[in-house]
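Remarks on the structure that follows.
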Amino acid sequence: MALPVERGEELELEGIEIELLLEGIHRRYGFDFRQYAPASLRRRVRRRMDGEKVETISALQNLLLHDPAVMERLLLDLSVNVTAMFRDPSFFVSFREKVVPMLRTYPFARLWVAGCSTGEEVYSLAILLAEEGLWDRVRIYATDINEAVLAQARLGVFPLDKMQEYTQNYIRAGGTRSFSEYYVARYDGARFARELAEGVVFAQHNLVSDAAFNEFNVITCRNVLIYFAQPLQERVHGLFYDSLAMFGVLALGQKETIRFSPHEPSFEELDAEERLFKKVR
Ligand SMILES: C[S@@+](CC[C@H](N)C(=O)[O-])C[C@H]1O[C@@H](n2cnc3c(N)ncnc32)[C@H](O)[C@@H]1O
């Protein structure tokens with residue numbers, strides 16, 4: 001049974017080559033993917049090799065160290081930008097029930113949407129806050145590592161063919177109006193009301209290497225940390241801890257948790273199912 005060993009060696013070698021590739025990217029471009037989850041990294045590097053029509057990881061490395069456009073494309077592969085409006089609608093129901101009453105007690109609040117991708121989550125929160133009469137008292141800071149998705153988010157134009165699905169999500173999320181009031185259908189897509197973006201600052205921020213930049217009452221970081229290995233997740237938990245005001249809320253995605261992390265004792269579970277945690281010490 002020599003084959004499994006050979007396959008094992010092959011994977012090990014590939015692992016080492018990927019480590020070297022990530023080291024090179026870090027040195028040349030400053031993006032640090034060295035602690036991303038290995039299985040997902042492997043898949044995405046292979047996809048970029050296919051995309052660039054190269055056979056080896058070192059050929060890919062050669063290409064991307066010399067051509068920032070290749071780096072840009074790999075960044076898009078690595079950063080998995082899949083998102084949706086009112087994604088996981090039950091999260092928004094819980095947000096209305098458990099976070100909105102707390103926000104009402106503040107004259108002004110700051111929210112950080114970390115890893116906002118093309119902005120669908122940000123516009124969803126803006127709609128929810130507007131419906132709760134809080135939009136003029138809240139500022140959202142929406143950040144992502146990837147400048148290309150941020151540029152799209154700033155436009156606030158989403159695919160028209162998604163509107164049926166988003167309308168269903170909106171209703172299941174407890175939406176109280178007609179969803180079509182929020183956008184105008186244009187040839188290039190569904191253009192969302194400008195006012196929804198007025199309280200939003202979109203900016204590039206790297207959760208791996210950048211520091212805290214403000215104090216927040218709520219931080220949402222959904223479907224981002226799943227791509228990070230445990231030590232990196234813990235680093236980011238620390239960043240969120242430092243960035244939250246006392247009694248501030250951390251909202252993670254359905255597959256992510258602060259449990260079993262060194263920061264767990266600083267948080268109380270607000271909603272176990274929807275992964276809402278409150279900073280208590
Ligand atoms: C799957 S999307 C999640 C979008 C949205 N939060 C949601 O739940 O629908 C993950 C986003 O995390 C961003 N991301 C990945 N690594 C990051 C990092 N180190 N710093 C900031 N954002 C990062 C990606 O660019 C991508 O837009």
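The values are calculated or read from the model by the stated rules, or taken from the named source; none is laboratory data. No experiment lies behind these values; they were computed from the predicted model shown. For neighbour counting, all protein chains shown are included, and Cβ atoms are generated from backbone atoms with ideal geometry for every residue, glycine included.
The condition of being acidic (D, E) and farther than 24 Å from N81 by Cβ holds for only one of E120, E147, E132, E165, that being E132. Taking the criterion of being under 13 Å from Y170 (Cβ atoms) and touching an Asp or Glu at 6+ places or on another chain (Cβ under 8 Å), the only residue of region 96-129 that qualifies is R96. The set of residues in region 34-50 that are touching a residue at least 60 places away in the same chain (Cβ under 8 Å) and either closer than 19 Å to L63 by Cβ or not hydroxyl-bearing (S, T, Y) (or both) comprises Q35, A37, P38.
Evaluated against (1) at pLDDT below 90; (2) assigned to a helix (DSSP H, G or I); (3) within 16 Å of the ligand (Cβ to nearest atom), R7 falls short on exactly one condition, (3). Residues of region 233-273 that are over 22 Å from P101 (Cβ atoms), within 17 Å of the chain's Cα centre (by Cα) and either assigned to a loop (DSSP other than H, G, I, E, B) or free of Cβ contacts under 8 Å to residues at least 24 places away in the same chain (or both): G253, Q254, K255, E256, T257. For region 147-166, the criterion of being over 30 Å from M71 (Cα atoms), within 16 Å of the ligand (Cβ to nearest atom) and of a type outside the set (A, V, I, L, M, F, W, C) is met by at least one residue. Of all residues in region 91-112, those satisfying the criterion of being assigned to a helix (DSSP H, G or I) and either within 13 Å of the ligand (Cβ to nearest atom) or surrounded by 15 or more Cβ atoms within 10 Å (Cβ to Cβ) (or both) are F91, F92, V93, S94, F95, R96, K98, V99, V100, M102, L103.
Among the residues of region 33-45, those that are closer than 16 Å to I145 by Cα and within 16 Å of the chain's Cα centre (by Cα) comprise F33, Y36.
Within region 61-93, the set of residues being closer than 24 Å to A39 by Cβ, out of contact with any helix residue (DSSP H, G or I) (no Cβ under 7 Å at 6 or more places or on another chain) and modelled with pLDDT of 95 or more comprises just one member, D88. For F192, the stated conditions hold: it is more than 30 Å from F228 (Cα to Cα), under 22 Å from the mean Cα position of the chain (by Cα) and at pLDDT 95 or above. Out of all the residues in region 203-226, is one or more in a helix (DSSP H, G or I), modelled with pLDDT under 95 and within 15 Å of the ligand (Cβ to nearest atom)? Yes, region 203-226 contains a residue that is in a helix (DSSP H, G or I), modelled with pLDDT under 95 and within 15 Å of the ligand (Cβ to nearest atom).
Take the conditions (1) surrounded by fewer than 14 Cβ atoms within 10 Å (Cβ to Cβ); (2) over 23 Å from the mean Cα position of the chain (by Cα); G30 misses just one of them, which is (2).
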